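Report on one structure; see the data block that follows.
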Amino acid sequence: MDSIVSLTGLWPDTAVMLAAPPWEDPSLFAQLIISGIASGSLFAILALAIVLIYRSTNILNFAQGEMAMFTTFMAWTFMTRMDFWPAFFVALLVAAAMGGALERLVLRPVEDGPPLNSVIVTLGLFTIFNGLALWIWGPLPKGFGPFSVFKGSAICASDVCIGRLSLGTLIVALIVMLALYLLFQRTGLGLAMRATAQNRLASQLVGIPVNNMLTLGWALSATVGAVAGVLVAQSVSLTTGTLFVILLYAFAAAVLGGLDSSIGAVVGGLSIGVLKNLSAVYVPPEVGSVDVAMAFLVIVLVLMVRPAGLFGRPAARRV
Amino acid sequence: MLSLRNVHAAYGSVLALRGISLEAPEGGIISVLGANGAGKSSTLRAISGLLRPSEGTIEFDGKPIDKMRPEKIVQMGISHVPEGRQIFTELTVMENLRLGAYTRRDGDAVKRDIDRIFSYFPVLGERAKQQALLLSGGEQQMLAIGRALMAKPRLLLLDEPSLGLAPILVREIFSIIKTISEEEKLTILLVEQDASLALSIADYGYVLESGTVVLEDTAEQLRGNESVRRSYLGY
Ligand SMILES: Nc1ncnc2c1ncn2[C@@H]1O[C@H](COP(=O)(O)OP(=O)(O)OP(=O)(O)O)[C@@H](O)[C@H]1O
Ligand SMILES: [Mg+2]
């Protein structure tokens, strides 16, 4: 069963294993890949949340993780009063309202200004949410263990296993991705949101209420972030710092995939998850803990070699 | 159907329109001429709600529209094909056309209208599933016009449809514009650098200079006007 352990060993069933090279222990290798994909799906949906905002407003939301953290605390409070799923969905609604309100009231004035203004605003939001959460919920970690619906023994095929939590995470993440895909590719609203992200002037001219689309984008992004937050908190006890580390991986994932590409966010997230697992086990301990350093390494390497990421549009601005 | 009275507008501190007055009666093609920077595009932007007038009134069918948001103005029946086309380059031709119908709620009619656009511009039909980025300049202009028509406008604002196109293509597009205006009973406000071409299909024309109307007359009269010939027709 998955348990609540330290932040760095996000998926404890793998982190404690001893490292034998892949060719000597292929099932360990397979195991690492599978749980890497599961944790990577978390990075992927948080990266999707980042991309959703970046694509439509060119704003890098540094507060994405803290917003998710805040709503996850709210979910925890709701769960002390109601069942997991109702509490989860109420938290998502609150997250959507919060995201939309933030765009309207806080981001709107800086959206068309120089990028530095919006950076400062989202950094400000970062500290505000962090301080607010500390003030409301205090410094003690909150565990989701008692409420968790992802319980039960791991499911195994020969000697490769996947924990219920990993499986649940993967399924929820897939649902989020599928829902976003259907929204953007199959509905008129999604088409209008894509149009707004691409060309605001043209969108206005065909009659799209552009401001509403931007508000909706933030609401959607905050909701997706909240899903990631609640899922993360199933394996790591929740403190005001929890989501920050996850956000670093998600940023690495978004940069790797290309900041304006949803497919990139997913591929980037899964790759980072697998990479994180493999490096945790196969990099010799003498090298030190590669964990979070790996996220920075990926960001720096991508920005040096291919700034647009794997799937991103090159930075040339259209006129 | 459209009337501007003493419209002033500015970009920050740059005055673009200094008291424009013009009328577009139902059913005709009205041409707006003028040198670079005269305020032609700004006039269209003021009508479609992209540029908020600081003074003056704009009325459409007798209703003031100068304080309405762009999406509201599209719903009233005014479509704007902007300078530089501004199509959605990363979306398909079909998606561009569907977005043109964004304000409409009659889904079945939209499908029929897309087919009608394809009959005016067959090349768009052939490339319906392609990314708009892959279209040639002329095809992009056709798409921009087609997209604007998808809103079922009664007034079409066209900003330099000939920009950057080969002369032969320009003639083709202009003859289609003429056909469309007749078949769809569309009023067209046409901004065009190529004055002789514009005046050849227009019924009436306005000449702008530094943000005001300096001359207006029927197209025929303007073609014969000495100063118009010297400044804009080049003979
Ligand atoms: N976005 C803008 N910001 C500041 N000033 C602008 C802007 N757009 C236009 N102007 C100014 O407003 C005035 C009118 O410009 P406008 O684009 O309406 O002219 P135009 O007649 O369409 O010219 P052209 O034939 O070059 O398209 C010009 O002095 C121009 O410099
Ligand atoms: Mg112009």
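By DSSP, what percent of the beta bridges with both residues in the stretch B:158-235 are antiparallel, rounded to the nearest 5?
75 percent
When only C-alpha pairs under 8 Å and at least 6 residues apart count, what is the relative contact order of the stretch B:37-119, in percent?
So the answer I get is 21 percent.
So who's got an amide H within less than 5 Å of the one on residue B:209, skipping anything under 5 residues away but keeping other chains? H placed 1.01 Å off N, in plane.
Residues meeting the amide H criterion: B:214.
Accessible area lost on pairing A with B, both sides, 1.4 Å probe, Å² to nearest 100?
1900 Å²
Enumerate the whole-percent occupancy of each 20 Å bin, from 0 to the last occupied one, for all C-alpha pair distances of the protein assembly as shown.
Spelled out bin by bin, the protein assembly as shown gives 20, 42, 26, 11, 1 percent.
Tell me, which residues of the stretch A:182-204 get at least 30 Å² less accessible area when the other protein chains come in, versus the chain alone (1.4 Å probe)?
A:191, A:194, A:195, A:198, A:199, A:201, A:202, A:204
Among B:144, B:110, B:91, flag the residue with its Cα farthest along the positive direction of the charge dipole of the stretch B:78-151, charges on Cβ as +1 for Lys/Arg and -1 for Asp/Glu.
Result: B:110, furthest along the dipole toward the positive end.
Calculated FRET efficiency, residue A:117 and residue B:108, Cβ-Cβ r, R0 41 Å, to nearest 0.05?
That gives a FRET efficiency of 0.35.
What number, rounded to the nearest 500 deg cm²/dmol, is the helix-based mean residue ellipticity at 222 nm of chain A, given -39500 (n - 2.57) per DSSP H run of at least four residues and division by all its residues?
Roughly -22000 deg cm²/dmol at 222 nm, from the helical runs in chain A.
Can you give the accessible area of residue A:127, probe radius 1.4 Å, in Å² rounded to 10?
Surface open to solvent at residue A:127 totals about 90 Å².
Once you charge only the Cβ atoms, +1 for Lys and Arg and -1 for Asp and Glu, what is the size of the charge dipole of chain A about its Cα centre, to the nearest 20 debye?
In debye, rounded to 20, chain A gives about 1000.
Would you calculate a helix-derived [θ] at 222 nm for chain B, using -39,500 (n - 2.57) for each DSSP H run of n ≥ 4 and dividing by the full residue count, to the nearest 500?
Rounded to the nearest 500, the figure is -10500 deg cm²/dmol.
If you line up the long axis of helix B:137-149 against the longest principal axis of chain B, both from Cα atoms, how many degrees apart are they, to the nearest 10?
Relative to chain B, helix B:137-149 is tipped by roughly 90 degrees.
Under 13 Å from the Cβ of residue A:215, count the other residues' Cβ atoms, weight Lys and Arg +1, Asp and Glu -1, and hand me the total.
The answer is 0.
Sequence-distant or interchain residues sharing an amide H contact under 5 Å with residue B:21, placed H: which?
When sequence neighbours closer than 5 places are left aside, the close amide H contacts are B:6, B:7, B:213.
Apply the Karplus curve 6.51 cos²θ - 1.76 cosθ + 1.60, θ = phi - 60°, to the phi angles in the stretch A:114-124 and return the couplings in whole Hz, x for Gly and Pro.
Those phi angles translate into x, x, 4, 4, 6, 4, 5, 5, 6, 5, x Hz.
Loop-only check: which trypsin sites (Lys or Arg not before Pro) in the stretch A:120-211 are DSSP coil with at most 16 other Cβ within 10 angstrom?
A:151
Put one equal scatterer on each alpha carbon of chain A, apply the Debye formula with no solvent term, and list log10 I(q)/I(0) at q = 0.10, 0.12, 0.13 1/Å to two decimals.
Here the Debye-derived log intensity ratios amount to -0.55, -0.80, -0.93.
Towards the positive end of the charge dipole of chain B, with charges on Cβ (+1 Lys, Arg; -1 Asp, Glu), say which of B:221, B:46, B:176 has the farthest Cα.
B:46
Among A:173, A:303, A:101, whose Cα sits farthest toward the positive end of the charge dipole of chain A (+1 at Cβ of Lys/Arg, -1 at Cβ of Asp/Glu, about the Cα centre)?
A:101
State the Kirkwood hydrodynamic radius of chain B in Å, one decimal place, computed from all pairs of distinct Cα atoms.
17.9 Å
Compute the helix-to-body angle for A:164-186: its Cα long axis versus the longest principal axis of chain A, expressed 0 to 90° and rounded to tens.
Relative to chain A, helix A:164-186 is tipped by roughly 20 degrees.
If you take every residue apart from residue A:240 with its C-beta less than 12 Å away from the C-beta of residue A:240, what net charge results, scoring Lys and Arg +1 and Asp and Glu -1?
Cβ neighbours under 12 Å give a net charge of 0.
With 23 Å as the limit, write out which pairs from B:72/B:152; B:63/B:152; B:67/B:185; B:63/B:185 have Cα-Cα distances beyond it, or answer none.
Violating the 23 Å limit, Cα to Cα: B:67/B:185.
Can you give me the angle between helix B:167-183 and the longest principal axis of chain B, using Cα atoms only, in degrees from 0 to 90, rounded to the nearest 10?
On a 0 to 90 degree scale, this one is about 90.
Hey, what's the stretch B:78-151 come to in accessible area per residue, 1.4 Å probe, Å²?
39 Å²
Find, among the chymotrypsin sites (Phe, Trp or Tyr not before Pro) in the stretch A:19-104, those assigned to loop by DSSP (not H, G, I, E, B) with at most 10 other beta-carbon atoms within 10 angstrom.
The qualifying sites are A:23.
Apply the Karplus curve 6.51 cos²θ - 1.76 cosθ + 1.60, θ = phi - 60°, to the phi angles in the stretch B:107-112 and return the couplings in whole Hz, x for Gly and Pro.
Here the 3J(HN,Hα) series is x, 5, 5, 4, 4, 5 Hz.
Mind grabbing the accessible area of residue B:13 for me, 1.4 Å probe, Å², rounded to tens?
Answer for residue B:13: close to 120 Å² accessible.
Normalised by the residues of chain B, what does the relative contact order come to in percent, with Cα pairs under 8 Å and at least six apart?
28 percent
Per the Cauchy relation, a quarter of the hull surface: what is the mean projected area of the convex hull of the alpha carbons in the stretch B:1-112, in nm²?
Projected over every direction and averaged, the Cα hull of the stretch B:1-112 covers 8.4 nm².
With an 8 Å Cα cut-off and a minimum separation of 6 or more residues, compute the relative contact order for chain A in percent.
Relative contact order, chain A: 34 percent.
Would you grab the residues whose amide H sits under 5 Å from the one on residue B:29? Only those 5+ places off in sequence or on another chain, please, with H modelled 1.01 Å from N.
For residue B:29, whose amide H was placed from the backbone, the distant partners under 5 Å are B:188, B:203, B:204.
Which ³J(HN,Hα) values, rounded to whole Hz and listed in residue order, are derived for the stretch A:256-270 from phi using the Karplus coefficients 6.51, -1.76 and 1.60 in 6.51 cos²θ - 1.76 cosθ + 1.60 with θ = phi - 60°, glycine and proline given as x?
Computed from phi, the couplings for the stretch A:256-270 are 4, x, x, 4, 10, 10, 5, 4, x, 4, 5, 4, x, x, 5 Hz.
The values are calculated or read from the model by the stated rules, or taken from the named source; none is laboratory data. Since the structure is predicted, the reported quantities are computational estimates derived from the model, not experimental observations. Counting neighbours? That spans all protein chains shown, and the Cβs are built from the backbone with ideal geometry, glycine included. In case anyone asks, the SASA skips ligands and DNA or RNA and just uses the protein heavy atoms, side chains included. Shrake-Rupley method; radii C 1.70, N 1.55, O 1.52, S 1.80 Å.
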